[in-house]
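Quick notes on the structure that follows.
Values in this text are rule-based calculations from the coordinates and carry no lab data. Bear in mind that the values here come from a model prediction, so they are computed numbers and not experimental data. Cβ placement follows ideal geometry from the backbone for every residue including glycine, while neighbour counts extend to all protein chains displayed.
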Amino acid sequence: MKRYLPSLNALRAFEAAARLGRMTAAADELAVTPGAISRQVRQLESALGAQLFEGSKNKPQLTAAAKTLLPALSQALDQIEAAVRAVSDVENGTLDVSCFSTFTVKWLIPRLYHFNALHPDIEIRLSTTEQSADLDRERYDLIIALDDIKHADHVAVLPLFPERLGPVLAPSLATHIELRQPGDVAGKPLLHTKTRLNAWQMWGESLGCALPPQPGPAFEHYYFTLEAAIGGLGICVAPWHLVIDDIRAGRLVAPLGFQASGHQYVAKRLQHRNKALDQFCAWLQLQAQETPRPSPSDPAPASC
């Protein structure tokens with residue numbers, strides 16, 4: 001029996017606009033103009049004989065017909081995409097990778113030139129976030145995040161490296177502040193990050209020390225906090241992998257060394273065939289293995 005289906009492009013345009021809530025966002029996702037999205041939606045409305053959006057252009061609302069169509073359409077498109085991915089086995093193309101913004105800036109981007117040199121036909125398209133993304137819902141090929149126990153059977157979790165935390169500060173500030181044991185941070189100018197306000201407490205717990213909450217400037221992202229520390233504004237507790245280059249360059253010092261936080265960085269991918277993704281994952285794990293660990297000569301923290 002012949003299928004009755006409107007234009008697939010019109011269905012995709014409507015699904016993106018309805019899911020994202022804005023024509024401009026749908027246009028960005030599908031790499032077309034907002035006008036093209038509007039035309040495709042009007043074409044779909046004409047084919048269905050039903051209105052799908054109502055209200056103002058700035059804040060369009062879904063009609064009853066649209067609310068009926070959207071969930072089934074999103075599920076169908078997800079199934080099509082999953083089936084295409086399952087049979088795809090390409091050696092080139094574009095991979096969508098999501099990871100925390102500071103991790104992207106301080107660890108991944110400085111190493112990507114090496115992957116690009118090895119695989120010039122594979123483009124890595126980076127997206128940054130401050131919370132772990134959803135591999136299925138957000139359609140990434142790979143997500144780099146802190147470990148999480150819960151993951152679906154169809155998701156492969158690749159270990160990268162354990163997280164190690166330690167206080168860092170500018171050499172100029174270190175000449176005026178003596179840090180010999182964890183308790184020495186009390187009363188000192190401590191810097192905080194809004195996306196991880198418990199970082200100081202986590203570091204203290206890793207040493208068996210109960211550090212009371214201490215006020216101090218709180219920055220939006222770790223990157224800003226690290227720049228504040230480099231500028232001599234205070235002491236930041238930071239993951240080792242984010243400060244390796246700054247310590248080696250002498251922009252930061254770590255007088256108390258680094259301690260395992262109990263967390264691990266992992267890469268999560270769907271378990272489907274994709275040679276390009278396989279190559280990137282193998283390269284990523286090798287880079288993680290080759291990431292230097294804190295020097296054994298780093299001083300071990302004294303008791304609290």
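Calculated mean residue ellipticity, 222 nm, the chain: -11500 deg cm²/dmol, from DSSP H runs (n ≥ 4) at -39500 (n - 2.57) each, averaged per residue and rounded to 500. Extension gain for residue 84-residue 114 works out to 7.9 nm (0.36 nm per residue, less the C-alpha to C-alpha distance).
The lysines whose alpha-carbon is closer than 29 Å to the alpha-carbon of residue 67, local same-chain residues fewer than 8 away aside, are 2, 57, 59. Other residues lying with their Cβ under 10 Å from the Cβ of residue 202 contribute a combined charge of -1, Lys and Arg counting +1, Asp and Glu -1.
Across the chain, Cα pairs under 8 Å and at least six residues apart give a relative contact order of 21 percent. At 30 Å minimum axial length over the Cα atoms and a Kyte-Doolittle cut of -1.0, report the qualifying DSSP H helices in the chain, or say none. Sorted by number, the helices that extend far enough and score high enough are 64-87. Take every Cα pair under 8 Å whose residues are at least 6 apart in sequence, average their separation, divide by the length of the range 1-55, and the relative contact order is 36 percent. The residues neighbouring residue 263, those whose beta-carbon lies less than 9 Å from its own, together hold a net charge of -2 under the Lys/Arg +1, Asp/Glu -1 convention.
Overall, the range 163-261 carries a charge dipole of about 40 debye about its Cα centre when +1 sits on the Cβ of Lys and Arg and -1 on the Cβ of Asp and Glu, all other atoms neutral. The overall shape of the range 8-87 is prolate: from the C-alpha gyration tensor, with semi-axes ordered a ≥ b ≥ c, the ratio a/c is 1.5 or greater and a/b exceeds b/c. Rounded, prolate or oblate: pick one for the range 163-261, where a ≥ b ≥ c are the square roots of the eigenvalues of its C-alpha gyration tensor, a/c under 1.5 means rounded, and failing that, prolate if a/b is larger than b/c, else oblate. It is rounded, given that a/c, with a ≥ b ≥ c, falls under 1.5. Over the range 8-87, what is the relative contact order in percent, taking alpha-carbon pairs closer than 8 angstrom and at least six residues apart? Once normalised by length, the contact order is 27 percent.
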